[in-house]
1. Based on DSSP, what percent of beta bridges with both residues in the chain are antiparallel, to the nearest 5?
2. Pulled fully out, how much extra length does the chain show between Arg213 and Ser317, if you take 0.36 nm times their separation in residues and subtract their Cα-Cα distance?
3. Among Val231, Val119, Val56, which one moves the most in a GNM of the chain with springs linking Cα atoms closer than 10 Å?
4. Under Stokes-Einstein, with the Kirkwood radius over Cα pairs standing in for Rh, what whole-number D in µm²/s applies to segment 109-189 at 20 °C and 1.002 mPa s?
5. If amide H atoms are built 1.01 Å from N in the plane of the peptide, which residues on other chains or at least 5 residues away come under 5 Å of the amide H of His171?
6. Whole angstrom only: what separates the Cα centroid of segment 185-202 from the Cα centroid of segment 18-33?
7. Using a Gaussian network model on the chain with a 10 Å cutoff between Cα atoms, which of Ala108, Ala177, Ala133 fluctuates the most?
8. Mind pulling the per residue volume of the convex hull built on the Cα atoms of segment 305-355? Å³ is fine.
Amino acid sequence: MSDRTGLDGRPTIVRAVIRAAFVFQNPRRELLEDVRAGREPDTALVGVNHLAAFGVDARVQDPLLGRQDYSGAVGRLAWSAREVPLPWAIREADVVFTPLANLFPLVARLRPSLPVVVVNYGLNVIYDRSSRARRRLLAASLRSARAVVCLGESQRLGMIARAGLEPASVHTLLLGADVDWFAPQEVRVTEPYVLTVGKDLARDLDTFAAAVRDLDVRVEIVAHPRNLAGVALPQNARVHNFIPATELRDLYAGAACVVVPQQPDEYPYGSDGGGLTALCEAMAMGKPIVATERTVLRDYLDADELVPPRDPAALRSAIEGVLTDPRVADERGARSRRRAEERHSTQHFAEQLAPILRAAAAGNLEAR
């Protein structure tokens, strides 16, 4: 900060713009260009393109990928090892925002002028299924971060307990979607359908398939092929893989109901934040939502939108409740859009993230 004199002669406090490097798990620069050109939604950028309005000069720095095959034990080791040289590849940044937490925050301590803020997409589940040695390493790396951002309060409390983090350095920021790209549309639908979207390993498409099997309604499924392995799909279901964002938006627009079927909290695979992107997109489109209970979802949905996990009868009943009562569908849809605009947009995420980045970069700002 600096003091300047305003037009009225009074001192005015001017906040310095901080420089933030965003390092994602996979390249994002091409996506950023597509977002700027209006070809893609900005959801996956988690606010990077909105931070300028809040005094943050945020730039995307693609990770050091090197070899392309990261399968198997050797591949997983190489995937983590790419984080080691990363602190010295980043230039002109006061703070780094990243999901890379295996080694990067720990190694970045060798560059004290490079504070790291970690975003926790699924580190709780990763921690739980790791060996004792890897747990110690992950916990040490997270304790080396200047701050950790979680996507739900239950996730935050769980990570504090697991890694022994200082509670004041761990924050809850609710995820958002591009509410301008994913916006309600007037469409003529001759045949209503139920839609489910998601590729996270914690999706429970077995329960979803059982729930919709006897419904007299079309079913659209957007999923990774691995999610469908062993799932007995009903004849009223149609599957989509790897579709463009424009086609996904069209599917949301025509859906009578969006369903997010999740495995319970104790499920050892996938992400503890799984399902949140689809939820935020469906909310932005103004769609009624039915989801199976997961603790993190309580920060996003109301009790009447949640049903017990692995309970096809309860899920089917909740879906029917939306399909058969237009008043329920209209109220749920309006509620979804209102929530998206108020607290689940990428712009709102950026607004909440900016002070965390500024606090993490405080030492660098004072040294300027």
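The values are calculated or read from the model by the stated rules, or taken from the named source; none is laboratory data. Just so we're clear, the structure is a prediction, and the values are computed from it rather than from any experiment. Positions of Cβ are backbone-derived with ideal geometry, glycine not excepted, and every protein chain shown enters the neighbour counts. These accessible areas exclude ligands, DNA and RNA; they are computed on the full protein's heavy atoms, side chains included. Shrake-Rupley method; radii C 1.70, N 1.55, O 1.52, S 1.80 Å.
1. Details: 5 of 41 bridges.
So the antiparallel bridges amount to about 10 percent of the total.
2. Numbers: separation 104, 0.36 × 104 = 37.44 nm, distance 1.24 nm.
Extra length available between Arg213 and Ser317 comes to 36.2 nm.
3. Val231
4. Working: Rh = 14.5 Å.
After rounding, the answer is 148 µm²/s.
5. Val148, Val149, Cys150
6. A separation of 29 Å, based on Cα centres.
7. With Cα springs under 10 Å in the chain, the top fluctuation among Ala108, Ala177, Ala133 is at Ala133.
8. Values: hull volume 4.5 nm³, N = 51.
In segment 305-355, the Cα convex hull volume per residue is 88 Å³.
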